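Okay, structure first, notes after.
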Amino acid sequence: MNVTVFGIGYVGLVQAAVLAEVGHSVVCVDVNTERVENLKKGIIPIYEPGLTPLVQANVEAGRLQFTTDAELGVKHGRIQFIAVGTPPDEDGSADLQYVLAVAKTIATHMEEHRIIVDKSTVPVGTADKVSGCVASVLAERGVAIPFDVVSNPEFLKEGAAVADCQKPDRIIVGTDSAAVEEKMRELYAPFNRNHERLIVMDVRSAELTKYAANCMLATKISFMNEIANLAERLGADVEKVRQGIGSDPRIGYSFIYPGCGYGGSCFPKDVQALVRTAEKVGYTPELLRSVEAVNKRQKCKLFENLSQHFNGDLQGKKIALWGLSFKPNTDDMRDAPSRVLMEAVWAAGGSVQAYDPEAMNETQRIYGHRADLTLMGTKEAALNGADALVVCTEWNVFKAPDFELVKSSLTHPVIVDGRNQYEPELVEGYGLAYYGIGRGRSVRVVEG
């Protein structure tokens, strides 16, 4: 099938590459000329395992093209994906200006029937707005061209997006048209062979399904962080509690790991957006408001532990930081806990020596060159001369450190573990002070 994807950011690029890999002819359209030209050369704008060779192979095979020519894109694909960003507006609601701009573009250039697919994460009612936008432009043109608008939300995990796209848990399609359903089944047939993954529903239910899924996962994280904070005050170990409740199949082990808060491109903005959607229809989403509030508070936990250890005085202190991305296997730092920590350390007069396997360039892009931030080439180099170590992201490279080296490199032997990577007793055995998340008491062993 001929497919067009508008927007070659995280979602659009992964979806386009995976569709091309199974044989579809895909044209990607973006307004960013530099990004388009780089992709033509095989230069990928994001880090995502497995994505670079997939893009390069399909560009070479001629199944995947990149262009800034919107008219070419509209003419190419019977199916037109909208995969542009929906950043939070000032009030936290999703900003649809880019989605509607693409809808106008498609309507401006279409000459025959098009299936317009909302792939971006959008609020309930967006398909109606897209339909109204397209109809308005067609009316201005004085033409009567049939079209359909479909909700087909993505469910990709950063760091595993290619695998998620190639072997999806479910494919949600929101449409009331039997003919459109047939075309969407044809499009996704290569991913739907082993067992039925495609779930068809009305458009509004499909739009809400995406938000409900992300908000449910965010709720599990914030709930577990609440339990962790309670465990600290009660002298319990949240890791043992996690194992105890996770063994219940009704709860399970997924997304019940306590830590320093969630970040990234989805959970923060999607929780906010659903809260605003609820408020607009006169409903008070008390649970979702609490999920958001707990997460904001949890991101301050690492700095609070540091401040406690140094009796509130971080002036002149140098903090080694392992992990900058919001999660492993990505360079994404959107709403990352590391940013909250670093900015608090700087405000308190301290400095940061940081290492991350993939997010160093992104850190430089966000913060530029500043005297109180040094990006180091290895995790060991980040320790040299630092007063304390904070682990913020659970990259594999941080899971089994040389604790003797950590202690000898730090001016003050203390680890603040934002992801409960290490067993407190093990760290204690090396004479290091340890601050975890909900591990029974705030500090396990005194310095020295």
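The values are calculated or read from the model by the stated rules, or taken from the named source; none is laboratory data. Since the structure is predicted, the reported quantities are computational estimates derived from the model, not experimental observations. Heads up, the Cβs are rebuilt from the backbone with ideal geometry, glycines too, and the neighbour counts pull from every protein chain shown. Surface areas here come from the heavy atoms of the whole protein model, side chains and all, with no ligands, DNA or RNA. Shrake-Rupley method; radii C 1.70, N 1.55, O 1.52, S 1.80 Å.
Laid out as a table, the results:
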{"item": "Given (1) among the charged types (D, E, K, R); (2) farther than 16 Å from residue 253 by Cβ; (3) open to solvent by less than 70 Å² (accessible area, probe 1.4 Å), index of the condition residue 220 fails", "result": "(2)"}
{"item": "Test set (1) of a type outside the set (A, V, I, L, M); (2) within 30 Å of residue 94 (Cα to Cα); (3) open to solvent by less than 40 Å² (accessible area, probe 1.4 Å) - residue 232 fails condition number", "result": "(2)"}
{"item": "Candidates 85, 50 - the one that is of a type outside the set (Ser, Thr, Tyr) and at positive phi", "result": "50"}
{"item": "Of all residues in segment 35-56 being free of Cβ contacts under 8 Å to residues at least 12 places away in the same chain and more than 24 Å from residue 99 (Cα to Cα), the one that is surrounded by the fewest Cβ atoms within 10 Å (Cβ to Cβ)", "result": "41"}
{"item": "Residue list for segment 105-155, filter: charged (D, E, K, R) and within 18 Å of residue 3 (Cα to Cα)", "result": "111, 112, 114, 118, 119, 148, 154"}
{"item": "Qualifying residue in segment 10-31 (condition: among the charged types (D, E, K, R), part of a helix (DSSP H, G or I) and out of contact with any Asp or Glu (no Cβ under 9 Å at 6 or more places or on another chain))", "result": "yes"}
{"item": "Flag for residue 207 being surrounded by fewer than 20 Cβ atoms within 10 Å (Cβ to Cβ) and either assigned to a helix (DSSP H, G or I) or modelled with pLDDT under 95 (or both)", "result": "no"}
{"item": "Condition met for residue 140 (in a loop (DSSP other than H, G, I, E, B) and of a type outside the set (Ser, Thr, Tyr))", "result": "no"}
{"item": "Scan of segment 155-182 for residues that are of a type outside the set (Asp, Glu) and surrounded by fewer than 17 Cβ atoms within 10 Å (Cβ to Cβ), ordered by number", "result": "157, 160, 163, 166, 167, 170, 177, 178, 179"}
{"item": "Residue check, residue 408 of a type in the set (Ser, Thr, Tyr) and over 23 Å from residue 49 (Cα atoms)", "result": "yes"}
{"item": "Condition check for residue 390: open to solvent by 40 Å² or more (accessible area, probe 1.4 Å) and within 28 Å of residue 221 (Cβ to Cβ)", "result": "no"}
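For every residue, the table says whether it meets (1) open to solvent by 30 Å² or more (accessible area, probe 1.4 Å); (2) at pLDDT below 95; (3) hydroxyl-bearing (Ser, Thr, Tyr).
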residue	(1), (2), (3)
4	no, no, yes
15	no, no, no
33	yes, no, yes
58	no, no, no
